[in-house]
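All of the numbers you see were taken from the coordinates with simple rules; none came from a lab. Given the structure is predicted, the values throughout are model-derived calculations rather than measurements. Cβ atoms come from the backbone with ideal geometry, glycine included; neighbour counts cover every protein chain shown.
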Amino acid sequence: MKKERFFTNISERKSICIIQMIIILFICALNGYTDNPIVNYVYTADPAGFVANNRLYVICSHDLNDQTGYDMHDYYLFSSADLINWQDHGIVFDARRDTSWAWLAYAPDMVYRDGKYYLYFPNGADSIGVVTGDSPEGPFTDPLGTSLVNKNMPHCDVQWCFDPGVFVDDDGQAYLYFGGGGPGTARVIRLNNDMISVSGEAVTIDAPKFFEASYMHKRNGIYYFSYSSDFSEGAATIEYMTSDNPMTGFEYQGTILANPWDNLGNNNHHSIVEYDGQWYIFYHNRAVSDAVYQRSVCIDYLYYNSDGTIRPVNATQEGVNPGVTSNPSPAPTPIPTGCEDAPEWKSTTPYESEGIVVKYNGNLYENKWYSLGDNPEENSGEYDVWIFIESCDPQNTTTPTTEPTTTPVNTPAPTATLAPNITLGDVNADGVIDIVDALLIAQYYVDLNPAIFNPDAADTNCDDFIDIVDALLAAQYYVGLINNFC
């Protein structure tokens with residue numbers, strides 16, 4: 001295998017290698033997964049996501065770099081069209097500047113209605129205010145000059161009168177969810193059409209282990225009331241209940257999000273939003289600061305089972321990658337010739353193999369594996385993943401008696417012909433193709449001669465040369481932009 005050579009000076013080569021490594025990592029950041037947290041240069045928390053102007057926005061409380069308690073006064077706003085590149089709109093609201101009566105700005109929420117954006121904010125834990133603007137970025141005006149909800153109102157005398165979660169139903173009726181401090185302190189009250197006044201008295205939602213962070217969303221006629229738990233059973237988690245009514249009749253369902261990685265077992269605050277046909281959950285952790293009072297906002301996928309329940313969310317460091325459908329809904333494809341009458345084959349273990357076609361409820365789908373929720377076959381147990389396989393060769397229909405030779409779904413095999421036990425791209429022979437392989441190829445290219453390196457696995461574009469292109473292809477493979485080499 002040849003190595004392209006352009007540099008004769010060792011120090012120059014090493015400098016170029018460093019630059020190339022930085023370029024590779026930069027490409028991974030731009031074209032691959034959106035690393036969590038989504039913002040790492042300012043501390044943000046209590047994310048409230050919403051869709052406007054064909055973009056996904058998230059408004060967040062702002063943790064000061066040196067605060068030793070929750071001393072938040074303003075909100076940062078970010079937005080993205082692709083969930084990879086997040087635009088920083090800066091501080092869009094400051095309670096000290098934009099109101100005449102409030103000083104603090106705890107966890108917010110924002111909704112759009114009838115040409116106006118309504119931003120709801122807690123003045124600490126004592127009351128909730130509302131400001132209005134023509135744009136998510138503001139400027140905002142304070143139409144009331146005082147609080148919208150406070151502890152002096154009927155049935156609002158909860159320990160913490162904060163954490164507004166605003167929901168507008170399909171019929172136009174709006175609701176404000178709030179409260180905190182422990183079980184029995186969750187409240188909901190109707191908002192009038194003007195969105196700056198309430199109707200009637202607040203109603204208690206009896207939520208098990210309730211602590212704070214009320215949130216409401218609706219899907220397929222089901223109302224989902226979610227919240228942060230207390231610490232009675234360990235670290236705080238995001239729990240949820242469901243009902244066919246936005247104010248009453250809620251039944252506890254379980255945990256959506258365990259205490260996420262690098263959160264120090266501390267509090268959490270979330271929001272759930274649908275964008276471009278996919279559901280997401282925002283939350284915060286302490287990954288950047290490793291400190292209690294400096295938090296950072298994250299985003300991950302959220303999925304539902306066939307019965308409407310929410311699958312537990314996997315809080316990841318990778319975040320989301322809209323360019324790769326990580327849990328797609330099956331899409332019908334024509335039945336291959338020779339496969340019409342082949343039997344179904346069941347498995348709860350994800351496999352993929354040539355000549356295998358997914359069959360679910362009698363419908364054939366393309367050659368992929370899908371998480372389909374609960375087992376649709378009666379009286380045979382419940383499985384988080386239950387796959388039906390139509391095992392057939394379009395040229396020669398066969399029925400396997402054992403599971404086929406397989407490759408994991410997310411790591412399709414490279415297509416190049418190699419010697420046995422050599423996988424193209426896996427230059428350190430650790431069984432995976434990742435960013436380490438890309439960096440090793442770059443090091444080899446500039447004669448840094450890594451200790452563990454197989455050049456026979458490095459020519460990822462099969463041009464008989466090992467150069468920076470091979471390193472870039474390995475990086476693209478790692479983040480899912482390509483599925484094979486050569």
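A simple rule links phi to the HN-Hα coupling: the Karplus curve 6.51 cos²θ - 1.76 cosθ + 1.60 with θ = phi - 60°, which for region 269-281 gives 8, 9, 8, 10, 8, 9, 9, 6, x, 10, 8, 9, 10 Hz, with x for Gly and Pro.
Could you compute the FRET efficiency for residue 114 and residue 264, with r as their C-beta to C-beta distance and R0 at 45 Å, rounded to 0.05?
Details: r = 42 Å, r/R0 = 0.93.
Efficiency at R0 = 45 Å is approximately 0.60.
Phi angles across region 129-146 convert, under the Karplus curve 6.51 cos²θ - 1.76 cosθ + 1.60 with θ = phi - 60°, into 3J(HN,Hα) values of x, 9, 10, 10, x, 8, 9, x, 7, x, x, 10, 10, 9, x, 9, x, 6 Hz, Gly and Pro given as x. Placing R0 at 41 angstrom, the Cβ-Cβ distance between residue 451 and residue 81 gives a FRET efficiency of 0.40 after rounding to 0.05. Taking amide H as placed 1.01 Å from N in the peptide plane, the amide H of residue 198 sits under 5 Å from that of 192, each at least 5 places away or on another chain.
If the segment from residue 464 to residue 235 were pulled out straight at 0.36 nm per residue, it would be longer than the present Cα-Cα gap by 77.0 nm. Shown in residue order for region 223-228 are the 3J(HN,Hα) couplings computed by the Karplus curve 6.51 cos²θ - 1.76 cosθ + 1.60 at θ = phi - 60°: 8, 10, 9, 10, 6, 8 Hz (x for Gly and Pro).
By how many nm would the segment from residue 248 to residue 170 grow when fully extended, if each residue of separation counts as 0.36 nm and the alpha-carbon distance is taken off?
Values: separation 78, 0.36 × 78 = 28.08 nm, distance 1.71 nm.
Fully extending the segment from residue 248 to residue 170 adds 26.4 nm.
Site pair residue 430 and residue 71 shows an inter-label distance of 4.3 nm when each label is modelled 7 Å from Cα along Cα→Cβ. Counting 0.36 nm for each residue step from residue 192 to residue 159 and taking away their Cα separation leaves a gain of 9.4 nm.
Take the Cβ-Cβ distance between residue 53 and residue 199 as r, set R0 to 25 Å, and report the resulting FRET efficiency rounded to the nearest 0.05.
Values: r = 30 Å, r/R0 = 1.19.
FRET efficiency, residue 53 to residue 199: 0.25.
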